[in-house]
Amino acid sequence: MAIKVCKFGGTSMADGNVILSVAKIVKAEKERRYVVVSAPGKRYGADVKVTDLLYKCAEAVEAGNMQELEACFGKIRARFLHIEKEIGKDIGLDVELSEIEEKIKDGAGAAYAASRGEYLAARVMSAVLEVPFVDATEIIRFKEDGTLDEASFALAGKVLAAYEKAVIPGFYGLGADGKVKTFSRGGSDISGAVVARAVKASLYENWTDVSGFYACDPRIVNSPRSIPELTYQELRELSYMGANVLHAESIFPVRSAGIPIRICNTFRPEDKGTDIVQYATQSACENPVTGIAGKKDFTVIFLEKSMMNAEVGFAGKVLNVLTENRVSFEHLPSGIDTMSLVIDNEYLKNGVLETVLTQIKEAVRPDKIYTHENIALVATVGHGMANNIGTSARLFKALSEAGINVIMIDQGSSELNIIVGVDNKDCNACINAIYHEFFN
Ligand code: ASP
């Protein structure tokens, strides 16, 4: 029988009633055998995620502020006891909560504290589904450098083979030091991907509160179209530019095993969602553009020097300056006598920009060097671009008709994306203009 792994995010675990509807979703298909859960997230806009409260508890202990710990943990206790009441089962959470509070008080640390949101949520889900609980420390391991140990795939596969069905907490595992360790925020997506890989799932369902990816951010474009299918590569491009539905690192465990991911909406389970697949299907390539995303606050350093192309080592010297100042660059479009370095503003704070400019001048003596600060990068992404002549002509015509000044252009050699640099203030207008050109 095909196996589906389902991961439910924080909004899907936010209260007892949603948890009961999650149980209905899981029970609706017998292939849904392994369930990975996040900690309860926000129930409404001003609500606080359980994980945030847990981090605060650890901070309070660190600061020796036991009053703050009690206040914070009190909120967590109330939240879980309310959930226990809503699901209509006494599963002994009160005792578990007291033990956890004690450990946090004794200095168990931030990772342990943060992991308890997922731990308790999985306890609840296991009781509701009447399916065994398998702790994440038994199946997910981290290496000494803090990254996921790939040995987890085999380990999880072996442990889970003993269970027909299981509920597993997301977000954490066991560190090389034998202590609980977490992924970065939003990391339950990675846990779900590890489990999917381990049990050789046919599908990794990632249940959240949106019906998949949209062609662009609905806060920028009014009612954008949803994307029925996205390749891993397109997803990587769009996520990097800020389309945050899935943790970027969650792709790797399933991608190499060819397991597709489906983004589903717990609150609208009937919606089709978005399938993330290895290779684009023919129909998905009919429109040259799959999605558009933008990211603000970059600086471009423009360099000009005649005969740059013939100067051996020019680029190396420039990049050396960046390395020495621990500055990472995002893009490097270049011409025969020009080179542009696109850098996230974060790296250039506190005088670093000035130092970098001085050192580049000394290193390569350019004819001209100037900067454009506050640039937004807008990426237009789609496998269909490779087969559709005139995509860039349409894109730039749309931008010129919208009166948008394009400061920089970078087209990846894979013909998967076209990136334009525009002034921060033009970012949203740029996304709108491109969207309406290709989707209306
Ligand atoms: N609960 C964790 C967070 O808020 C992990 C997750 O939800 O994936 O980041």
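Each value in this text was obtained by applying a stated rule to the coordinates, not by laboratory testing. The model shown is predicted, which means the values in this text are computed figures rather than measured ones. Reconstructed Cβ throughout: ideal geometry from the backbone, glycine too, with neighbour counts over all protein chains shown.
Numbers for the structure displayed
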{"item": "Computed over the stretch 58-144, the ratio Rg/Rh where both radii use C-alpha atoms and Rh is Kirkwood", "result": "1.00"}
{"item": "Order of Tyr279, Tyr112, Tyr163 - criterion: other Cβ atoms within 10 Å of each residue's Cβ, fewest first", "result": "Tyr279, Tyr163, Tyr112"}
{"item": "Across Lys4/Lys143; Lys24/Lys272; Lys56/Lys179, pairs whose alpha-carbon gap is larger than 23 Å", "result": "Lys4/Lys143"}
{"item": "Protection proxy ranking of 168-174, 350-356 - average other beta-carbon atoms within 10 Å, highest first", "result": "168-174, 350-356"}
{"item": "Per-residue HN-Hα couplings for the stretch 181-188 [Karplus 6.51, -1.76, 1.60; θ = phi - 60°; Hz; x = Gly/Pro]", "result": "9, 10, 6, 6, 3, x, x, 4"}
{"item": "Vicinal HN-Hα couplings computed from phi for the stretch 391-406 (Karplus, 6.51 cos²θ - 1.76 cosθ + 1.60; Hz; Gly/Pro x)", "result": "4, 5, 4, 5, 4, 6, 5, 4, 5, 5, 5, 7, x, 9, 7, 8"}
{"item": "Value of D in µm² per second that Stokes-Einstein yields for the stretch 311-440, Kirkwood Rh from Cα pairs, at 4 °C (1.567 mPa s)", "result": "79 µm²/s"}
{"item": "Fully extended contour minus Cα-Cα distance, from Val406 to Asp90, at 0.36 nm per residue", "result": "107.6 nm"}
{"item": "Proximal aspartates and glutamates to Lys85, defined as alpha-carbon separation beneath 12 angstrom and excluding residues fewer than eight positions away on the same chain", "result": "Asp15, Asp94"}
{"item": "Three-way shape call for the stretch 223-271 based on the alpha-carbon gyration tensor, with the a/c threshold at 1.5", "result": "oblate"}
{"item": "Protection proxy ranking of 125-136, 367-378, 319-330 - average other beta-carbon atoms within 10 Å, highest first", "result": "125-136, 367-378, 319-330"}
{"item": "Debye intensity ratio I(q)/I(0), log10, the chain, q values 0.08, 0.13 Å⁻¹ (C-alpha model)", "result": "-0.55, -1.18"}
{"item": "Shape call, the stretch 375-419: gyration tensor on alpha carbons, a/c limit 1.5", "result": "oblate"}
{"item": "Per principal axis, descending, Cα span of the stretch 1-148 in whole Å", "result": "52, 39, 30"}
{"item": "Descending semi-axes in Å of the stretch 105-223, equivalent ellipsoid built from Cα gyration tensor", "result": "25, 19, 16"}
{"item": "Protection proxy ranking of 200-211, 5-16 - average other beta-carbon atoms within 10 Å, highest first", "result": "5-16, 200-211"}
{"item": "Estimated vicinal HN-Hα couplings, Hz - the stretch 213-226 in sequence order (Karplus 6.51, -1.76, 1.60; Gly, Pro = x)", "result": "8, 9, 4, 7, 5, x, 7, 9, 10, 5, 6, x, 5, 7"}
{"item": "Distance (nanometres) between label positions extended 7 Å along Cα→Cβ at Glu59 and Asp106", "result": "2.6 nm"}
